[in-house]
Amino acid sequence: DAGVTQSPTHLIKTRGQQVTLRCSPKSGHDTVSWYQQALGQGPQFIFQYYEEEERQRGNFPDRFSGHQFPNYSSELNVNALLLGDSALYLCASSLYDGVALTGELFFGEGSRLTVL
Amino acid sequence: DQQVKQNSPSLSVQEGRISILNCDYTNSMFDYFLWYKKYPAEGPTFLISISSIKDKNEDGRFTVFLNKSAKHLSLHIVPSQPGDSAVYFCAASDIQGAQKLVFGQGTRLTINP
């Protein structure tokens, strides 16, 4: 049973560039959440996707956008990269029963983004 | 504004002894609390949770205690084992199942043989 998979695992970009990170949820899960973990900090919620729509959003600027595909996989896009965007980006998946998410979040290993 | 705080960046405990990790929160709307464990190069994995209607939840060697009046929770691991060495994150949510989690900064636990 494949868990949450993320790609790429590491990447380096320069300021002003754009980046796309990808996530495949755990088998059977339909909801994807993205978190940003800066060095020495805990993960911070970016947004959550269900049924191809953004359902909840954290305190992140519009430079951060996402997408969910019909197969439940998801992308995180960050435009106009800043040095402060350097972080580990974690994808987490879960199952929505129509009322609330059930069970705990399953996290991927993350994509480490370095902005120079 | 750090709504969930883990004031100890690191903790070192001898194998076989009890490990106690602490977490404080400021948002009284938080209703559901979780602990996650993270090994290097892996994503966080769920360890144990507690709803605000309880003050204790136990799962094997792991017990979480919640003191709502003090807005404080703690994770007890007994007995501690070398495989418990990891970074532990406390997290909170205002609704069970909403899973828009607010995490603390983490505590690095080292179990010494």
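Checking each residue in region A:25-60 for being of a type in the set (A, V, I, L, M) and touching a Cys at 6+ places or on another chain (Cβ under 7 Å) picks out only A:Val32. Being surrounded by 15 or more Cβ atoms within 10 Å (Cβ to Cβ) and over 20 Å from B:Val4 (Cα atoms): is that true of A:Glu104 here? Criteria not met by A:Glu104. Quick one: in region A:11-29, which of the residues that are under 14 Å from the mean Cα position of the chain (by Cα) and either within 8 Å of another protein chain (Cβ to nearest Cβ) or of a type outside the set (S, T, N, Q) (or both) is nearest to A:Asn71 (Cα to Cα)? It comes out as A:Pro25.
The set of residues in region B:57-113 being in contact with a Gly (Cβ under 6 Å, 6 or more places away or on another chain) and within 14 Å of another protein chain (Cβ to nearest Cβ) consists of B:Val87, B:Phe89, B:Cys90, B:Phe103, B:Gly104, B:Gln105, B:Gly106. So, B:Leu47, is that one more than 14 Å from every other protein chain (Cβ to nearest Cβ) and either within 29 Å of A:Arg55 (Cα to Cα) or assigned to a strand (DSSP E or B) (or both) or not? Taking the combined requirement at face value, the residue does not satisfy it. Of the residues that make up region A:79-88, is at least one within 9 Å of another protein chain (Cβ to nearest Cβ), touching a Ser or Thr at 6+ places or on another chain (Cβ under 7 Å) and of a type in the set (Gly, Ala, Ser)? No, region A:79-88 contains no residue that is within 9 Å of another protein chain (Cβ to nearest Cβ), touching a Ser or Thr at 6+ places or on another chain (Cβ under 7 Å) and of a type in the set (Gly, Ala, Ser).
Residues in region B:57-94 that are under 17 Å from B:Pro44 (Cα atoms) and not aliphatic (A, V, I, L, M) were compared, and the one that is surrounded by the most Cβ atoms within 10 Å (Cβ to Cβ) is B:Cys90. All told, A:Leu76 meets the bar of being touching a residue at least 40 places away in the same chain (Cβ under 8 Å) and crowded, with 21+ Cβ neighbours inside 10 Å. Exactly one residue among A:Asn71, A:Asn59 is within 14 Å of another protein chain (Cβ to nearest Cβ) and exposed (fewer than 13 other Cβ atoms within 10 Å of the Cβ), and that residue is A:Asn59.
The selection criterion, being modelled with pLDDT of 95 or more and within 14 Å of another protein chain (Cβ to nearest Cβ), does not hold for A:Tyr50. If you go through region B:54-109 and keep only what is assigned to a loop (DSSP other than H, G, I, E, B), of a type in the set (Asp, Glu) and free of Cβ contacts under 8 Å to residues at least 24 places away in the same chain, you end up with just B:Asp55.
Annotation note: Cβ proximity below 9 Å between a residue of region A:23-46 that is crowded, with 24+ Cβ neighbours inside 10 Å and a residue that is acidic (Asp, Glu) (sequence gap 6+ or interchain) occurs for A:Cys23/A:Glu75. For beta carbons closer than 7 Å, sequence separation of 6+ or different chains, a first residue in region A:98-116 that is farther than 27 Å from A:Val78 by Cβ and a second that is modelled with pLDDT of 85 or more and not in a loop (DSSP other than H, G, I, E, B), the qualifying pairs are A:Gly103/A:Ser94. Within region B:23-45, residues that are free of Cβ contacts under 8 Å to residues at least 60 places away in the same chain have Cβ atoms under 9 Å from residues that are of a type in the set (Asp, Glu) and not in a strand (DSSP E or B) in these pairs: B:Thr26/B:Asp1; B:Lys37/B:Asp84; B:Ala41/A:Glu109; B:Glu42/A:Glu109; B:Gly43/A:Glu109, counting only partners at least 6 apart in sequence or on another chain.
If the condition is being surrounded by 13 or more Cβ atoms within 10 Å (Cβ to Cβ) and among the small types (Gly, Ala, Ser), then region A:79-97 contributes A:Ser86, A:Ala87, A:Ala92, A:Ser93, A:Ser94. Scanning region B:1-14 for residues that are closer than 16 Å to B:Ala86 by Cα and surrounded by 14 or more Cβ atoms within 10 Å (Cβ to Cβ) gives B:Gln6, B:Ser8, B:Leu11, B:Val13.
The values are calculated or read from the model by the stated rules, or taken from the named source; none is laboratory data. These numbers come from a predicted model, not from an experiment. Methodologically, a virtual Cβ is constructed for each residue, glycine included, from the backbone with ideal geometry; neighbour enumeration extends over all protein chains shown.
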